[in-house]
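K.L.:
The structure under discussion is supplied below as structure tokens; questions concerning it will follow.
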Amino acid sequence: MKAAIEGLLFLKGSDGLTIAELSNILEIPSEEIKKAIKELYQDYQNEERGIQLELLGEHFKLTTKKEHRKYYQKITQEEENSSLSQSALETLAIIAYNEPITRMEIDEIRGINSSYVLRKLMIKNLIQEVGKSDLPGKPRQYGVTNAFLDYFGLGGIDELPKIEVEEKEKTEGNLFESRYQEESTNE
């Protein structure tokens, strides 16, 4: 059974498979699949192996080991993270932290039209349409994909670093109030 799972994961490549999908394909209960996955995981922990089994999102995938990256880069001629521009990374961060989000909302945060960047990110399969907003015109809402999780080595969206957002309205309100109080006491 481990060999069949390994072969299926190899065939699925970067898409990977969930426990439920493996169970359905192999017609074996999920508990047996989980046991075989644990054994496979242990098999791949051997440092002489060039690949590993990872859970990214809800999908199990066969991936190359990070410690051998410099060798893989010689073949692929890709520099780490260089294929994404600063505007693409900025847009991805906005989507990841605010999903589901519309293009107009992204544009408002960035202060610039994001149509081109969104198209590029969709082509790279890093974002996807996740629904329609209730706003007039029913604009598309975007969210990140499992490929996004793979690209950044995340097990789920909840693994994103936590950020503190300063409440702009409070700050502006306090500035207004302090100016108003200065003006009224000077009169």
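The values are calculated or read from the model by the stated rules, or taken from the named source; none is laboratory data. A quick note: this is a predicted structure, and the numbers were derived from the prediction, not measured. With ideal geometry, Cβ positions are generated from the backbone for all residues, glycine too; neighbour counts draw on all protein chains shown. Protein only, heavy atoms only, side chains kept; ligands, DNA and RNA dropped before computing areas. Shrake-Rupley method; radii C 1.70, N 1.55, O 1.52, S 1.80 Å.
K.L.:
In the neighborhood of Lys2, defined by Cβ-to-Cβ distances under 13 Å, what is the net charge if each Lys or Arg adds +1 and each Asp or Glu adds -1?
P.N.:
Neighbour charge sum, excluding Lys2 itself: -1.
K.L.:
Got a sec? What order do Asp134, Asp158, Asp43 fall in by accessible area at 1.4 Å, biggest, i.e. largest, first?
P.N.:
Result, largest first: Asp134, Asp158, Asp43.
K.L.:
Now a separate question. What figure in square angstrom, to the nearest 10, would you give for the accessible area of Glu6 with a 1.4 Å probe?
P.N.:
60 Å²
K.L.:
Can you give the net charge of the other residues whose Cβ lies under 11 Å from the Cβ of Thr18, counting K and R as +1 and D and E as -1?
P.N.:
-1
K.L.:
Across segment 1-115, how many lysine pairs, 8 or more apart or on two chains, come within less than 27 Å at their alpha-carbon atoms?
P.N.:
28
K.L.:
Indicate the gyration tensor shape class of segment 1-151 (rounded, prolate or oblate), computed on the Cα atoms with a ≥ b ≥ c the square roots of the eigenvalues: a/c under 1.5 is rounded; otherwise a/b larger than b/c is prolate and the rest oblate.
P.N.:
Cα axes put segment 1-151 in the oblate bin.
K.L.:
Another one. Report, in whole Å, the centroid distance computed from the Cα atoms of segment 87-159 and segment 20-58.
P.N.:
If you average the Cα positions of each part, the centres end up 30 Å apart.
K.L.:
Within the set of other residues whose C-beta is less than 15 Å from the C-beta of Gln141, count the net charge using Lys and Arg as +1 and Asp and Glu as -1.
P.N.:
Net charge around Gln141: -2.
K.L.:
Then there's this: Rounded to the nearest 10 Å², what accessible area does Leu17 show when all protein chains are kept and the probe is 1.4 Å?
P.N.:
Accessible area, nearest 10 Å²: 10 Å².
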